[in-house]
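Enquirer: Just dropping this structure here.
The values are calculated or read from the model by the stated rules, or taken from the named source; none is laboratory data. Worth saying up front: this structure is predicted, and the values here are computed from it rather than measured. Ideal geometry is used to build each Cβ from the backbone, glycine not excepted, and the neighbour counts take in all protein chains shown. Surface areas here come from the heavy atoms of the whole protein model, side chains and all, with no ligands, DNA or RNA. Shrake-Rupley method; radii C 1.70, N 1.55, O 1.52, S 1.80 Å.
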Amino acid sequence: MPEYNDTIVAIATPSGRGGIGVIRVSGKKSKGIYKALTGLPPKPRQAQFVSFKSSSQQLIDKGIGLYFEGPSSYTGEDVVECHVHGSRVLLDVLLEEIVFLGARAARPGEFTERAFLNGKMDLVQAEAVADLIDSNSKKAARSAMQSLDGVFSNNVKQLRELVFNARTLVEAALDFPDEEDVDINIDPAIENVENSLSALNKLLKKAEAGRVLDQNPAVVIVGSPNVGKSCLINYLSGFDSAIVSSEAGTTRDTIREKVLLGDFAITLVDTAGIRETSNEIEKEGVERSYKALAVADIALYVLDHSLKQEAEEKILTDHISSDTKVITVRNKIDLCDNGDYKVIDDTVYVSAKTGAGMDDLIEKICSVLDITDNEEDMIFARQRHIDALNLVKDHLQQALSGAKNGVGLEVLAESMRQALAGFDEVTGKTTSDDVLGNVFSQFCIGK
Ligand SMILES: Nc1nc2c(ncn2[C@@H]2O[C@H](COP(=O)(O)OP(=O)(O)O)[C@@H](O)[C@H]2O)c(=O)[nH]1
Ligand SMILES: [Mg+2]
């Protein structure tokens, strides 16, 4: 277990006013700091109502003191928590006092980094802590919680186990090449690798599906002026964020709103209506529409159905990237004769005024984004995990084709060794300092 000589401290609750504020301390001096602040010896895992006093015996606040003796703590070290009133000034005073008593201010993510380095959690779980804190929808939070609970890590570990067994079979064959009575049949190893590959493909699919959870995909509303784009963002976001007017060219800035579709979050973007204009400000607005469109995950191309408006080929071909999925939204159906307005391929009929067809639109967006209701089909994965697992896949495929083509056992063993290293990179067993630094620097302070 690594040892740290310094004791760290941070305010763990968000800045601003609150019912309570929590300061967390971790390291060897925690116990002494608790005693100096409260005048009492700490009792492990017992809440004590105490007076927190400065070294000049001035009362800072009364509150709850908690002590977790290492290794049974979040970080694995001795940890103290001071729960006081949620005033920033008060918390700063207490923090200064704790620094005076020998702790130093923690870096972002340093508590979790220590938890990771002390073996309390693996890297996937540490990342899940940050993802849980940052999660912006219930779905993302539940998924991050699953990863924190070890679901993703266990999947990776089980896969690693399979590959490890395959490697052992190959290594065993390598160790006894000349002994006649040892069977060097590597078919079982090949079978293991095949099984690993199919399990890995399943895991990668879940991880790919889960990427939308931390991205808030950009759904950009575009179209000519006056088709009802601003009405649409207001309807979907549930409040009047964009000005709606019968005057064409009202919207000039792109307006972004986080919108929850069920338990899932997207970023919905309203843009200026696209048309030729000599007005400089509107021109800039149209430019911004194109920019937003260029990076959209989904474009909602809004047309005025009451005017029988048709899509402009030029917008679709010149300004929408081939990666962007386009949903045609034919709006203002309330002004049209009754018809059978059903989703036809990628066209949805709606009224941003009455709300007709909005459920179809939401359903369509979810299906285009491939958001499944079945949470078991998603893993809150980061790009880092997906890249590493893809590398594992490459090595396994190499091993498989090598084995089938009769390459030497050494080559086979090497491919498998590299595949194993890929798994270890995901869980953090052998991750470089750069990657670790990058992971933990993204945390907030106090976690
Ligand atoms: N009847 C009807 N009017 C709508 C609908 N959507 C928008 N409008 C009206 O169309 C005009 C332009 O709407 P707006 O949202 O500002 O269009 P934008 O220029 O595309 O942003 C406004 O007068 C809206 O009230 C709709 O579904 N039905
Ligand atoms: Mg508008």
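Enquirer: Just the C-alpha atoms of the stretch 94-142: what Rg/Rh do they give, with Rh taken as the Kirkwood radius?
Expert: Checking Rg against Rh, the ratio lands at 1.14.
Enquirer: Still on this structure, please answer the following. How large is the translational diffusion coefficient of the chain in µm² per second when you combine the Kirkwood radius over alpha carbon pairs with Stokes-Einstein at 37 °C and 0.692 mPa s?
Expert: D, rounded to a whole number, is 125 µm²/s.
Enquirer: Let me ask something additional. Where in the stretch 2-85 are there trypsin sites (Lys or Arg not before Pro) that are in a DSSP coil and have at most 16 other Cβ atoms within 10 angstrom of their Cβ?
Expert: ARG17, LYS28, ARG45
Enquirer: Among the trypsin sites (Lys or Arg not before Pro) in the stretch 313-354, which ones are in a DSSP loop with at most 12 other Cβ atoms within 10 Å of the Cβ? Mind listing them?
Expert: Of the trypsin sites (Lys or Arg not before Pro), the ones in loops of the stretch 313-354 whose Cβ has at most 12 other Cβ atoms within 10 Å are LYS342.
Enquirer: Can you give the calculated 222 nm mean residue ellipticity of the chain, where each DSSP H run of n ≥ 4 adds -39,500 (n - 2.57) and the sum is split over every residue, rounded to the nearest 500 deg cm²/dmol?
Expert: -14000 deg cm²/dmol
Enquirer: May I have the count of lysine pairs in the stretch 294-447 with C-alpha atoms under 23 Å apart, counting pairs 8 or more residues apart or located on different chains?
Expert: Count of close lysine pairs: 17.
Enquirer: What is the spin-label model distance, in nm, from SER72 to ILE243 if the labels are put 7 Å beyond Cα along the C-beta direction?
Expert: Rounded to a tenth, the inter-label distance reads 6.3 nm.
Enquirer: Once label points are set 7 Å from the Cα along Cα→Cβ at both VAL99 and LYS205, what is their separation, rounded to one decimal in nm?
Expert: The two pseudo-label positions are separated by 5.3 nm.
Enquirer: Considering only protein heavy atoms and a probe of 1.4 Å, how much of the accessible area of the chain is carbon and sulfur, as a whole percent?
Expert: 49
Enquirer: Specify whether the C-alpha gyration tensor of the stretch 218-368 places it in the rounded, prolate or oblate class, a ≥ b ≥ c being the square roots of the eigenvalues: rounded for a/c under 1.5, otherwise prolate if a/b is larger than b/c and oblate if not.
Expert: rounded
Enquirer: Count the DSSP beta bridges whose two residues both fall in the chain, then state the antiparallel fraction as a percent rounded to the nearest 5.
Expert: About 55 percent, rounded to the nearest 5.
Enquirer: Given a 1.4 Å probe, how much area per residue of the chain is accessible, in Å²?
Expert: Accessible area per residue: 50 Å².
Enquirer: Can you work out the FRET efficiency for the pair LYS353 and GLU376, with r the C-beta to C-beta distance and R0 = 56 Å, to the nearest 0.05?
Expert: The formula returns an efficiency of 0.90 here.
Enquirer: How about the stretch 211-317: which chymotrypsin sites (Phe, Trp or Tyr not before Pro) there lie in a loop by DSSP and see at most 14 other Cβ atoms within 10 Å?
Expert: In loop regions of the stretch 211-317 (DSSP not H, G, I, E or B), the sparsely surrounded chymotrypsin sites (Phe, Trp or Tyr not before Pro) are PHE239.
Enquirer: Please give the contour-minus-distance gain from ARG275 to ASN438: 0.36 nm per residue of separation, less the Cα-Cα distance, rounded to one decimal in nm.
Expert: Stretched fully, the ARG275-ASN438 segment lengthens by 54.3 nm.
Enquirer: Treat every Asp and Glu Cβ in the chain as -1 and every Lys and Arg Cβ as +1, leave all other atoms uncharged, and give the resulting dipole magnitude about the Cα centre to the nearest 20 debye.
Expert: It works out to roughly 2320 debye.
Enquirer: Further question: Can you give the longest run of the chain that contains no GluC sites (Glu not before Pro) sitting in a DSSP loop with at most 12 other Cβ atoms inside 10 Å?
Expert: The longest uninterrupted stretch comes out as 4-178.
Enquirer: Something else: Test of understanding: in a Gaussian network model of the chain with alpha carbons linked when under 10 Å, which of LEU420, LEU307, LEU159 would top the mean-square fluctuation ranking?
Expert: LEU307
Enquirer: Restricting everything to alpha-carbon atoms, can you work out Rg to Rh for the stretch 7-119 with a Kirkwood hydrodynamic radius?
Expert: Dividing the radius of gyration by the Kirkwood radius yields 0.94.
Enquirer: Compare the Cα positions of PHE68, SER56, THR112 along the charge dipole of the stretch 36-129 (+1 at Cβ of Lys, Arg; -1 at Cβ of Asp, Glu; about the Cα centre) and return the one farthest towards the positive end.
Expert: The one lying farthest along the dipole's positive direction is SER56.
Enquirer: Just the Cα atoms of the stretch 333-403, one point each, no solvent: what log10 I(q)/I(0) does Debye give at q = 0.15, 0.17, 0.25 Å⁻¹?
Expert: Taken in order of the listed q values, log10 I(q)/I(0) reads -0.70, -0.78, -1.08.
Enquirer: If you don't mind, there's one more thing I want to ask. Counting only DSSP beta bridges with both residues in the stretch 218-368, tell me the antiparallel percent, nearest 5.
Expert: 30
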